Amino acid sequence: MQAKLRIGLAEQTLLAALGQAAVYSEKHSTPPPNIQSPLEEAVKIVKQAYSVLPVYDKIVPALLSDGVWNLPNTCSFTLGVPVGPMLAKPTKGVSEIVQKFQNTEYTCEFKYDGERAQIHYLEDGSVEIYSRNAERNTGKFPDVVAAVSRLKKSSVGSFVLDCELVAYDREKQKILPFQVLSTRARKNVVMSDIKVNVCIYAFDMLYLNGRPLIQEELKVRRECLYESFEEEAGFFKFASAITSNDIDEIQKFLDAAVDGSCEGLIIKTMNKDATYEPSKRSLNWLKLKKDYMDSIGDSLDLVPIAAFHGRGKRTGVYGAFLLACYDNNNEEYQSICKIGTGFSEAVLEERSASLRSKVIPKPKSYYRYAETITPDVWFEPTEVWEVKAADLTISPVHRAAIGIIDPDKGISLRFPRLVRVREDKTPEQASSSEQVAEMYSSQSHNQSNNQDDNEDD
DNA sequence: TGTGTCTGCCC
DNA sequence: ATTCTGC
DNA sequence: GCAGAATGGGCAGACACA
């Protein structure tokens, strides 16, 4: 029953209903004294219980047998049951962080570009690995199971580890891009077949030797973490961290993170509001990536050449657009990505209205795209949009800069979103294929470096 | 056996 | 993932 | 400020079909 109930379906509303129903059906039970609103209190309790034990088949029976007010005792964190990983809120710059956390001790950690994992090690030596969405990933990472068992200290009999699994080249001692990690086989993997190695970057500890740590401060949890494992290059490392409140120092650390193939930084309070909050994107953890910052990060000017009808609340307007860069040599527009986020409702309405009048019956002969992409409508090339992205990737479907980096693959964008409409540019002035290729090449992963990033010496 | 398409899960 | 919006 | 709902690229695996 639980297996088919997926989140996204108004989970919080469902939990609130559960809590309220419990109060109504427990007419004769006694809520603790000095409570203003038993209804609200019950909702809090149910949500709290579910956050540490997200299993309806446990919560509901416990509610029925021992009531809401006993729920904190009857439903608590359980080894082997994954809790939702704590999330971080996007932040636009170092100054915003310093401001938000003034008078508070906080730490900055590298944000590694891999796959989130919650590793449970049980007293009997068995291991379970869960993904960000509580999928059981144990069969995908036998190497991680082995590493963790080997590198835990002998005093450690059970633990829950929060970490990032990152593709790693042990010969060159280098982190590999997320795209490499994602090529790993996913089912029934056996050690000898593994082609992409993984390094564990550990950053939190939720449970140790029978003791839940969720309600402890990060300072305590981190101490537990550091005491529980041996590091080993290419297999298990603690996430790089500094504790500082100096703007320049943090800025340098951010640059170091990006240089080290990381996405940016995660900033966490050490003591104040420093408990582990499952599933919450609370203020306690902030994330800082270059592409969140205004006037820094990869930004491109692209032309909408086609669109798809919107669904749900986008019914009646376009829901997504196909974007292209311009190849001056071949005088053609090459698809680079679709885009469907970054539009306010007003802007989406404007753009839809504007482009509806530019619809053409067939794609232009000078549009280069994969036949597998089948938009609902095609446009005359008329507008230029500024788009931001986290990364550029080699694409199996898009055609931007095809023939420059790879003979028959183009380039696409990771996490594309609209920044603004460039009223001042014509489509021919959009980002060129050469520029796209240049941006791809200068990413830190690709050592085909033109060495123009000289430090002064 | 090989190829194209779709789905579910990573980000 | 990112972003926007109603509550 | 939070929850929910729009939307992105790209991969392995499942499935359908030749």
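The values are calculated or read from the model by the stated rules, or taken from the named source; none is laboratory data. As the structure is a computational prediction, the values presented were derived from the model and not from experiment. Neighbour counts run over all protein chains shown; Cβ positions are idealised from the backbone, glycine included. Surface accessibility is based on the protein's heavy atoms, side chains included, excluding ligands, DNA and RNA. Shrake-Rupley method; radii C 1.70, N 1.55, O 1.52, S 1.80 Å.
Using the alpha-carbon positions of chain A, Rg (one decimal) and Dmax (whole number) come out as 25.3, 80 Å. Ellipticity at 222 nm from helices only: DSSP H runs of n ≥ 4 in chain A, each -39500 (n - 2.57), divided by the residue count, give -7000 deg cm²/dmol. Here the spin labels are modelled as points 7 Å beyond Cα on the Cα-Cβ line, and at residue A:255 and residue A:328 they lie 3.1 nm apart. With a Förster radius of 22 Å applied to the beta-carbon distance between residue A:123 and residue A:55, the computed FRET efficiency rounds to 0.60. The long axis of helix A:218-228 is offset from the longest Cα principal axis of chain A by roughly 90 degrees.
Label zone of residue A:438 (point 7 Å out along Cα→Cβ, amide N under 19 Å): in segment A:257-293 this covers no residue at all. Looking at segment A:187-270, which trypsin sites (Lys or Arg not before Pro) are in a loop (DSSP not H, G, I, E or B) and have at most 15 other Cβ atoms within 10 Å? Here the sparse-neighbourhood loop sites are A:187, A:195.
The spread of Cα positions in segment A:12-74, taken along each principal axis and listed from longest to shortest, comes to 29, 22, 18 Å.
Over 26 Å between Cα atoms, which of A:237/A:290; A:289/A:364; A:92/A:172 qualify? From the list (A:237/A:290; A:289/A:364; A:92/A:172), the Cα-Cα distance tops 26 Å for A:289/A:364; A:92/A:172. Coordinate range of the alpha-carbon atoms in segment A:89-292 per principal axis, descending: 49, 37, 28 Å. If you place +1 on the Cβ of every Lys and Arg, -1 on the Cβ of every Asp and Glu, and leave all else neutral, what size is the dipole of segment A:164-258 about its Cα centre, to the nearest 20 Debye? The calculation lands at about 600 debye. Annotation for segment A:377-439: GluC sites (Glu not before Pro) lying in DSSP loop with at most 13 further Cβ atoms inside 10 Å of their Cβ are A:423.
Rolling a 1.4 Å probe over the protein heavy atoms leaves residue A:369 with an accessible area of roughly 40 Å². Note on chain A: with neighbouring protein chains present and a 1.4 Å probe, carbon and sulfur make up 49 percent of its accessible heavy-atom surface. What is the angle, in °, between the Cα long axis of helix A:345-356 and the longest principal axis of the Cα atoms in chain A? Nearest 10 is fine, range 0 to 90. Helix A:345-356 sits at roughly 30 degrees to that axis. In this Cβ point-charge picture (+1 for Lys and Arg, -1 for Asp and Glu), chain A has a dipole of about 1840 debye about its Cα centre.
With all protein chains kept in place, the per residue accessible area of chain A amounts to 51 square angstrom at a probe of 1.4 angstrom. Across segment A:67-75, rounded Karplus estimates of 3J(HN,Hα) from the backbone phi angles (6.51 cos²θ - 1.76 cosθ + 1.60, θ = phi - 60°) give x, 4, 5, 9, 4, x, 8, 7, 10 Hz, Gly and Pro being marked x.
Cross-link reach is defined here as a Cα-Cα straight distance under 26 Å, omitting same-chain residues fewer than 8 places apart; for residue A:313 the lysines meeting it are A:4, A:89, A:280, A:338, A:358, A:388.
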